[in-house]
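The values are calculated or read from the model by the stated rules, or taken from the named source; none is laboratory data. None of these values were measured; they are calculated from a predicted model. As a convention, Cβ positions derive from the backbone with ideal geometry for all residues, glycine included, and neighbour counts pool all protein chains shown. Remember, those area values only see protein heavy atoms, side chains included, never the ligands or the DNA or RNA. Shrake-Rupley method; radii C 1.70, N 1.55, O 1.52, S 1.80 Å.
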Amino acid sequence: MCRRIFISPNHTWVNVEMNGAVRVGIDDFVRKTISKIDEVDLPKLNKEVKKGEPLFSIKQDSHTINITSPISGKITSINTEHLEHPELIALNPFELSWMCCIEPSNLSEELHALKIGADSSIGIRGK
């Protein structure tokens, strides 16, 4: 299945779902650079977040990387599977590595700041 993936400069990908929600995950660059993720700190459900604010963090050994939100809105779901199995993030960047879904509050304006990525079955390549 081909889908349109948007890439944020903060190393996240964004996929606009059919219901208007936005699914967010880390991009291939972060996954390959870190390789092994030991722990994930996900946002709280129903939390309001603004573009550029901390959204979630990933940890490897004693290092923590804070990832900022690519868009503004309310957290509607989180991928709790990563809390117990952070190693799943390395398996498939677009099916398993999503971190949360956001109900966007300003998508039409904020989407313009993102780049369009390649078909998710191939991987991310900025265009």
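Entry note, the chain: relative contact order of 31 percent, from Cα contacts under 8 Å with a spacing of 6+ residues.
Cross-link list K50/K115; K51/K115; K36/K74: which exceed 22 angstrom alpha carbon to alpha carbon? Please list the in-between numbers first.
Numbers: K50/K115 19 Å; K51/K115 15 Å; K36/K74 29 Å.
Exceeds cut-off: K36/K74.
Shown are T80, T12, T68, whose ranking by accessible area with a 1.4 Å probe and every protein chain present, most to least, is T80, T68, T12.
Distance between the modelled labels on E81 and E17, one decimal in nanometres: 1.4 nm (7 Å Cα→Cβ projection).
Note on the chain: GNM, Cα springs under 10 Å; of H82, H112, H11, the largest mean-square fluctuation is that of H112. Placing pseudo-labels 7 Å out from each Cα toward the beta carbon at K115 and S57 gives an inter-label distance of 2.8 nm.
Determine the per residue accessible area of the chain with all protein chains present and a 1.4 angstrom probe, expressed in square angstrom.
On the way: 7050 Å² over 127 residues.
On a per-residue basis, the chain sits at 56 Å².
Karplus-based coupling profile of the stretch 18-24, in residue order and whole Hz: 4, 7, x, 5, 10, 8, 10, with θ = phi - 60° in 6.51 cos²θ - 1.76 cosθ + 1.60 and x standing for Gly or Pro.
The label point for K74 and the one for F29, both projected 7 Å from the Cα toward the Cβ, are 3.3 nm apart.
Once backbone amide H atoms are built at 1.01 Å from N, T68 has L55 as its partners under 5 Å, excluding neighbours fewer than 5 places away on the same chain.
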